[in-house]
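The values are calculated or read from the model by the stated rules, or taken from the named source; none is laboratory data. Quick caveat: nothing in here was measured; it's all calculated off a predicted structure. In this analysis, Cβ positions are derived from the backbone assuming ideal geometry, glycine residues included, and neighbour counts consider all displayed protein chains.
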Amino acid sequence: MAVQDKTDSPFREWYADTRGPSAAPLVDYGDCFDQPAYQDVECQDSEFRVMKPTEGKAFLPKRKDSVTIIAGIQKQTEVKIQPQQSVALCPKYLKYHKSFVLNTGGSIWGLDFAPKSPSASDPHIQYLAVAGYPGTTDEHHNVGEIQEAGTVENCIQIWRMDLRLVESEESPIAAPTLDLCIAHDLGIVRALQWCPLGTYQEPLEGQTFTPRLGIMAVAFGDGTIRLISVPHPDGLRMKEKGKGKSAQSGEHKRSTVYIKLEKSLAILSIPDTCLTTISWGGPYKLIAGCSKGHISLWNVEWAIKNRAGANKDTETEDIAHALVYNVKAHTSAVRDLTYHSRHDSNEHDFVSCGQDGRVRCFDDRDPWTGATYWKNRGFMNTVAWPSYTENFFFTDVERNIRSARTGVTTEHGTTKKEADNRGEVWQSAGSYFHPFILFSSSDGWLKMKNPYHGKVKNQKPIITTIYRMKLEENPKKYRYVDGIKPGVYEAKKRAMESLYYLFLDPEIAIQKCVWNPNLLTSGWIASGGAAGLCRVEFVGVGSDWLKLSESYNTADR
């Protein structure tokens with residue numbers, strides 16, 4: 001069930017938001033995110049092997065030295081971050097702005113928060129999956145390049161973080177830690193995305209099975225998409241403790257768990273084709289963009305429940321039956337695609353963009369009759385389509401963020417310019433719960449905009465800059481420019497910097513950005529890029545977020 005476009009009360013409050021999302025109102029989906037999925041598909045021990053830290057660390061990214069960042073507004077301070085470590089910027093470097101910086105070590109191309117059931121305990125404890133290249137800007141791969149499985153070692157990092165807004169002396173907020181490392185030899189990671197709902201399992205004492213964080217779809221360098229049942233690191237620690245082995249699960253004794261991926265829930269592949277980008281359409285279907293311009297639809301439920309060895313009738317794998325179709329959608333590689341409602345199994349509309357300069361909209365029941373909304377000469381990198389609106393968002397060749405309407409509204413015109421940017425926009429992202437669109441770019445900017453603001457007469461559109469990343473040489477340091485006032489970038493400043501944008505250092509590129517998909521923490525975002533640095537921060541405004549946390553904690557759950 002897709003949520004309708006909220007243009008009337010009580011969502012009139014959205015028209016006034018400019019600095020960031022507020023907690024009132026947020027879109028109410030009822031009990032949608034509490035619906036279970038694949039609860040009968042257990043996380044099997046044969047799917048992974050627990051490794052010793054000395055063995056697992058060999059799969060971590062190549063960079064082994066620390067990274068220096070410059071943080072602060074009035075007083076700027078140099079901070080060193082060791083590989084696979086993090087630093088909290090608030091309150092030592094930023095007095096009010098809750099944020100963390102993680103040193104993942106590799107160029108980030110996969111980034112997503114794990115969905116948790118609203119009824120799960122510790123709702124402020126969140127998990128972020130990060131993956132990409134083993135190297136940073138010294139490593140490059142073509143869109144259609146296929147790496148042979150077993151030749152390139154890499155990993156998927158799962159970071160645990162406490163996203164509370166208020167701490168106490170008895171319970172301080174800990175900096176994010178690398179909680180789980182999934183080692184593999186399947187090459188680079190081009191994209192990853194958690195199953196949007198129903199797969200999180202709570203770790204409890206006395207469980208006879210290994211609980212999982214969720215099911216994740218990952219596009220690997222070998223050209224395949226693999227569905228992975230990610231074990232809950234606390235469940236693995238409990239299991240090791242039950243065997244009489246040392247299990248460090250306390251807040252101050254937590255150490256990284258290393259596992260080697262041995263088997264996947266399913267392997268989705270097409271001969272001589274590299275699957276590059278993915279989007280869930282509810283928990284039971286997945287669309288994938290291909291390097292040759294095709295879009296494939298996969299029946300994930302069939303693939304998982306009928307995989308080889310799942311039951312007595314599946315001694316051999318027959319993944320072809322899981323492929324619903326593979327249709328030519330673009331004349332060149334598909335760069336991005338997304339369902340209108342990623343959490344809704346009854347959703348059929350999705351939008352895609354490609355290197356052929358086209359933005360196209362489809363119904364997955366009849367993908368051969370897609371509509372072309374935009375066409376120009378140049379790469380189209382990203383699309384976003386929040387479930388609460390009929391408008392989707394994309395970038396054009398002039399690096400503008402545009403919206404396109406798909407339904408009958410009172411607005412005139414098919415597309416509308418929402419924001420401009422100097423660098424190439426790599427990623428745009430919308431939230432389930434509020435109207436702000438997030439976008440990151442090659443020039444180191446991370447920005448957001450409320451497309452509802454400006455619809456009222458005499459309102460000027462406002463773009464909020466979250467931060468800007470700059471590189472200083474000799475010695476190399478990454479400077480985070482925070483505290484920039486919201487507003488449209490002044491034309492005179494842009495003219496002065498026009499020459500600078502011709503010689504951008506690729507290390508400052510912010511390649512991925514994502515909103516947290518859980519209601520209580522939906523004001524948090526994560527972003528990361530070529531330098532291997534991932535920044536996690538709270539961008540919500542107003543005291544209603546504290547009231548939401550209090551009401552959530554005192555509710556009968």
Lone unmet requirement of (1) part of a loop (DSSP other than H, G, I, E, B); (2) under 28 Å from Thr104 (Cβ atoms); (3) among the aromatic types (Phe, Trp, Tyr) for Phe33: (1)
Failed item in (1) without any contact (Cβ under 8 Å) to a residue 60 or more places away in the chain; (2) more than 14 Å from Cys534 (Cα to Cα); (3) not charged (D, E, K, R), with Gln82 passing the rest: (2)
Just the residues that are surrounded by fewer than 19 Cβ atoms within 10 Å (Cβ to Cβ) and more than 16 Å from His124 (Cα to Cα), please, taken from segment 186-204. Leu204
Members of segment 119-172 that are hydrophobic (A, V, I, L, M, F, W, C), under 23 Å from Leu204 (Cα atoms) and touching a strand residue (DSSP E or B) at 6+ places or on another chain (Cβ under 8 Å): Ile125, Leu128, Ala129, Ile158, Trp159, Met161, Leu163
Looking at segment 135-161, which of its residues are in contact (Cβ under 8 Å) with a residue 40 or more places away in the chain and β-branched (Val, Ile, Thr)? Thr136, Thr137, Val143, Ile146, Val152, Ile156, Ile158
Can you spot a residue in segment 116-128 that is buried (at least 17 other Cβ atoms within 10 Å of the Cβ), over 30 Å from Leu548 (Cα atoms) and touching a Pro at 6+ places or on another chain (Cβ under 8 Å)? no
For Ser249, indicate whether it is surrounded by fewer than 19 Cβ atoms within 10 Å (Cβ to Cβ), at pLDDT below 95 and under 30 Å from Ser543 (Cβ atoms). no
Out of curiosity, is Asp65 among the acidic types (Asp, Glu) and either touching a His at 6+ places or on another chain (Cβ under 8 Å) or without any contact (Cβ under 8 Å) to a residue 60 or more places away in the chain (or both)? yes
Among residues of segment 369-390 being over 16 Å from the mean Cα position of the chain (by Cα) and of a type in the set (A, V, I, L, M, F, W, C), the residue surrounded by the fewest Cβ atoms within 10 Å (Cβ to Cβ) is Ala371
Scope segment 198-240; condition among the hydrophobic types (A, V, I, L, M, F, W, C) and more than 21 Å from Ala131 (Cβ to Cβ); matching residues: Leu204, Phe209, Met238
Which numbered condition Pro475 misses (of (1) in a loop (DSSP other than H, G, I, E, B); (2) surrounded by 20 or more Cβ atoms within 10 Å (Cβ to Cβ)): (2)
Residue list for segment 531-544, restricted to those being crowded, with 21+ Cβ neighbours inside 10 Å and either assigned to a helix (DSSP H, G or I) or among the small types (Gly, Ala, Ser) (or both): Ala531, Gly532, Gly540
Based on what the data block shows, is Asp363 touching an Asp or Glu at 6+ places or on another chain (Cβ under 7 Å) and either modelled with pLDDT under 95 or more than 21 Å from Ala266 (Cβ to Cβ) (or both)? yes
Given the criterion in contact with a Phe, Trp or Tyr (Cβ under 7 Å, 6 or more places away or on another chain) and touching a residue at least 24 places away in the same chain (Cβ under 8 Å), identify the matching residue among Lys57, Lys116. Lys116
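Collect the residues in segment 415-431 that are part of a loop (DSSP other than H, G, I, E, B) and at pLDDT 95 or above, keeping them in residue-number order.
Scanning segment 415-431 gives a single hit, Ser431.
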Verdict on Pro172 being surrounded by fewer than 23 Cβ atoms within 10 Å (Cβ to Cβ), touching a Leu at 6+ places or on another chain (Cβ under 9 Å) and not aliphatic (A, V, I, L, M): no
If I filter segment 450-461 down to residues being surrounded by fewer than 23 Cβ atoms within 10 Å (Cβ to Cβ) and at pLDDT 85 or above, which single residue comes out as farthest from Ser527 (Cα to Cα)? Tyr452
Filter segment 12-59 down to the residues that are among the hydrophobic types (A, V, I, L, M, F, W, C) and surrounded by fewer than 17 Cβ atoms within 10 Å (Cβ to Cβ), then identify the one that is nearest to Thr199 (Cα to Cα). Val50
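Yes or no, residue by residue, for (1) aliphatic (A, V, I, L, M); (2) at pLDDT 90 or above; (3) loosely packed, with under 15 Cβ neighbours inside 10 Å:
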position: Gly413; (1), (2), (3): no, no, yes
position: His434; (1), (2), (3): no, yes, no
position: Arg479; (1), (2), (3): no, yes, no
position: Leu504; (1), (2), (3): yes, no, no
position: Lys512; (1), (2), (3): no, yes, no
position: Asn516; (1), (2), (3): no, yes, no
Please work out which residue is modelled with the highest pLDDT, limiting yourself to segment 303-344 and to residues that are surrounded by 14 or more Cβ atoms within 10 Å (Cβ to Cβ), in a loop (DSSP other than H, G, I, E, B) and basic (Lys, Arg). Arg342
Residue check, Gly487 in a loop (DSSP other than H, G, I, E, B), more than 30 Å from Thr199 (Cβ to Cβ) and modelled with pLDDT of 85 or more: no
Return the residues of segment 276-291 that are among the aromatic types (Phe, Trp, Tyr) and in contact with a strand residue (DSSP E or B) (Cβ under 6 Å, 6 or more places away or on another chain); say none if nothing qualifies. Trp280
